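Bear in mind that the values in this text are calculations on the coordinates, not laboratory data. It should be emphasised that the depicted structure is a prediction, and the values quoted were computed from it without experimental measurement. Cβ: placed from backbone, ideal geometry, glycine included. Neighbour counts: every protein chain shown.
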Amino acid sequence: MTYDKPVPTPSPLTKPFYDGLKEGKLMLPRCQDCNRVHWYPRYICPFCHSINIAWIQGSGEGRIHTFAVQHRASGGWAKEVPFVTAFIDLNEGDRMATVLRGIDPAVPSAINIGSKVRVEFEKAAQDIYIPFWRVVGD
Ligand SMILES: [Zn+2]
């Protein structure tokens, strides 16, 4: 299936993230002064304002923080409605927005806050992969 949704263009700041996705790795920025992971990538740590940031390989595991069923969308996403957007509490810290995979958007009562999720990678374009999260447990 052709990926017909917006495709990101890596910048010097986000290149390590997209390079990791190509290799099936979820790379995350971590401050080397306060040791906290932050999402999204920034040049300055949002917790302690250090510029001493390094990339670590994340576990690719987390839990659902919150979710919402989307009934309207534009572009390529319009063909997938309804779908479920969510914020994922990463095991390493901070949160990542996603579209949940492996759930039925018609039965939101079956989706639980705190459920375990695992990242997976979908090819969007040549050398560009997008991380999505799939529910794998309670
Ligand atoms: Zn910091």
Pull out all pairs, ordered by first then second residue, where Cβ-Cβ is under 7 Å, the residues are six or more apart or on different chains, the first lies in the range 29-46 and is under 17 Å from PHE17 (Cβ atoms) and assigned to a strand (DSSP E or B), and the second is more than 9 Å from the ligand (Cβ to nearest atom) and among the aliphatic types (A, V, I, L, M). PRO29/VAL37; ARG30/VAL37; ARG30/ALA54; ARG30/ILE56; VAL37/LEU28; VAL37/LEU90
Would you call TRP133 closer than 17 Å to THR14 by Cα and touching a strand residue (DSSP E or B) at 6+ places or on another chain (Cβ under 6 Å)? no
Output the residues belonging to the range 80-117 that are basic (Lys, Arg) and either in contact with a Cys (Cβ under 8 Å, 6 or more places away or on another chain) or buried (at least 17 other Cβ atoms within 10 Å of the Cβ) (or both). none
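Matching residues to (1) over 26 Å from VAL107 (Cβ atoms); (2) within 13 Å of the chain's Cα centre (by Cα):
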| residue | (1), (2) |
| --- | --- |
| LEU28 | yes, yes |
| CYS48 | yes, no |
| ALA54 | yes, no |
| ALA68 | no, no |
| SER74 | no, no |
May I ask you to list the residues in the range 57-79 that are of a type in the set (A, V, I, L, M, F, W, C) and surrounded by 14 or more Cβ atoms within 10 Å (Cβ to Cβ)? ILE64, PHE67, VAL69, ALA73, TRP77
Can you find a residue that is free of Cβ contacts under 8 Å to residues at least 40 places away in the same chain, within 16 Å of the ligand (Cβ to nearest atom) and part of a strand (DSSP E or B) anywhere in the range 59-80? no
Would you check which residues across the range 1-28 are free of Cβ contacts under 8 Å to residues at least 12 places away in the same chain and either within 15 Å of ILE56 (Cα to Cα) or not small (Gly, Ala, Ser) (or both) and list them? MET1, THR2, THR9, PRO12, LYS15, ASP19, GLU23
